[in-house]
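A quick write-up on the structure given underneath.
The values are calculated or read from the model by the stated rules, or taken from the named source; none is laboratory data. Everything numeric in this text was worked out from a predicted model, so none of it was measured. A quick note on method: Cβ atoms are made from the backbone with ideal geometry, for glycine too, and the neighbour counts reach across all protein chains shown. In case anyone asks, the SASA skips ligands and DNA or RNA and just uses the protein heavy atoms, side chains included. Shrake-Rupley method; radii C 1.70, N 1.55, O 1.52, S 1.80 Å.
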Amino acid sequence: MKNLISLIDKKLDEYMQIVYPEDIFKAMKYTLMLPGKRLRPVMCIETARLLGCDTEKVLPSACAIEMLHVQSLIHDDLPCMDNDDFRRGKPSNHKVFGEANAVLAGDALLTFAPQLIIEKSKGFSDSQIVKIIHEYTKFAGAYGLIAGQVVDIESEGGKLVKSAEETLDFIHLNKTAVLFRLAVRIGAIAAEADEKTLELFDNFAKKFGLAFQIYDDIMDEVSTFEELGKSVGKDKASGKLTYVSLYGLESAKTKFYKLMEECYGIIEKYNSAVYSEILNMLNDRVK
Ligand code: GRG
């Protein structure tokens, strides 16, 4: 996994050239190159590899998914959203570049990502590219990421259209699981996997995404700034709807372990050292 992360970092650096007007490219590159876990591009590349597509071929798409993820982090930290001063252990994008440039940097990453897929992908058929871009636009927009964020914000203000349980699942699936789903689905499309295999990875990513958000909720409660690189205890302070606030810490952990077991069960047959490392890493941190 370490080698994969180095490769992704190198490619992100190469793709993200600083040109005129430099301020916007510097703002885009700032959060992008801070040390993140790179889980989504790693999962995209590993899924593609497990299903028979080589890493070089899927790298532009994997990097595009990381750009979309970073866009969501930059916008999530803005004062009008979660209002966070730190991200990946450093001041948030708007703290360094100002709010206007942070909004624009997010927008620019959101649009640069599909541009990159179209310009840099080699060896895909036109129909594969169309499928990949279709997945990207669907999952990034109001049928995915944005829907999750809207309901998250609404719920913080006490507006619940559905039950708290349903609302929480909707938020987690759309705000968090959606990018893991996008990553494995693009990996499967890159490898021209059949529908059944794509659905298997999609199901894995849904469960993984839910577990990951529960993990994130638990960490907000029990971890430190040094460990997470961002503010902790904010969910509780803002009365946010989370697994921990709704079910309590112990039930959240039980739900997390159950989902992780299901993830191990689904992915087992692929014998993937990378997936084992990812699942073990989360499991060990919650213990
Ligand atoms: C797509 C236009 C558009 C807007 C996005 C702001 C927003 C709408 C969505 C917020 C999504 C969000 C920030 C969800 C939280 C998911 C989460 C737990 C992120 C942390 O992921 P890690 O731990 O982060 O993988 P690193 O820094 O390691 O990459």
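Consider Lys255 carefully, then state whether it is outside any helix (DSSP H, G or I), touching a helix residue (DSSP H, G or I) at 6+ places or on another chain (Cβ under 7 Å) and either on the phi < 0 side of the Ramachandran plot or open to solvent by less than 50 Å² (accessible area, probe 1.4 Å) (or both).
Details: outside any helix (DSSP H, G or I): no; touching a helix residue (DSSP H, G or I) at 6+ places or on another chain (Cβ under 7 Å): yes; either on the phi < 0 side of the Ramachandran plot or open to solvent by less than 50 Å² (accessible area, probe 1.4 Å) (or both): yes.
Taking the combined requirement at face value, the residue does not satisfy it.
Looking across the stretch 120-145, the residues that are part of a helix (DSSP H, G or I) and free of Cβ contacts under 8 Å to residues at least 12 places away in the same chain come down to Asp126, Ser127, Val130, His134, Lys138.
Of the helices (runs of 4 or more DSSP H) lying entirely inside the stretch 1-93, the ones with 3 or more residues being of a type in the set (Val, Ile, Thr) are found at 39-50, 55-77. Just one of the numbered conditions (1) hydroxyl-bearing (Ser, Thr, Tyr); (2) part of a loop (DSSP other than H, G, I, E, B); (3) buried (at least 16 other Cβ atoms within 10 Å of the Cβ) is not true of Thr167; which one? Thr167 satisfies every listed condition except (2). Would you confirm whether any residue within the stretch 47-54 is surrounded by 15 or more Cβ atoms within 10 Å (Cβ to Cβ) and within 16 Å of the ligand (Cβ to nearest atom)? Within the stretch 47-54, not a single residue is surrounded by 15 or more Cβ atoms within 10 Å (Cβ to Cβ) and within 16 Å of the ligand (Cβ to nearest atom). Annotation: of all residues in the stretch 198-235 being at pLDDT 95 or above and either closer than 14 Å to Glu46 by Cα or of a type in the set (Asp, Glu) (or both), the one that is nearest to the ligand (Cβ to nearest atom) is Ala205.
Within the stretch 25-35, one or more residues are at pLDDT 95 or above, under 18 Å from the mean Cα position of the chain (by Cα), buried (at least 23 other Cβ atoms within 10 Å of the Cβ) and among the β-branched types (Val, Ile, Thr).
In summary, Thr242 fulfils each of the numbered conditions (1) open to solvent by 30 Å² or more (accessible area, probe 1.4 Å); (2) in contact with an Asp or Glu (Cβ under 6 Å, 6 or more places away or on another chain); (3) under 21 Å from Gly209 (Cβ atoms) with the single exception of condition (1). Determine if the stretch 111-124 includes at least one residue that is of a type in the set (Gly, Ala, Ser), within 25 Å of Ser231 (Cα to Cα) and more than 17 Å from the chain's Cα centre (by Cα). Checked the stretch 111-124: no residue is of a type in the set (Gly, Ala, Ser), within 25 Å of Ser231 (Cα to Cα) and more than 17 Å from the chain's Cα centre (by Cα). If you go through the stretch 268-287 and keep only what is assigned to a helix (DSSP H, G or I), modelled with pLDDT of 95 or more and open to solvent by less than 60 Å² (accessible area, probe 1.4 Å), you end up with Tyr270, Val274, Tyr275, Ser276, Ile278, Leu279.
Would you mind stating whether Met260 is within 17 Å of the chain's Cα centre (by Cα) and not small (Gly, Ala, Ser)? Full working, then the answer.
Numbers: within 17 Å of the chain's Cα centre (by Cα): no; not small (Gly, Ala, Ser): yes.
No, not satisfied.
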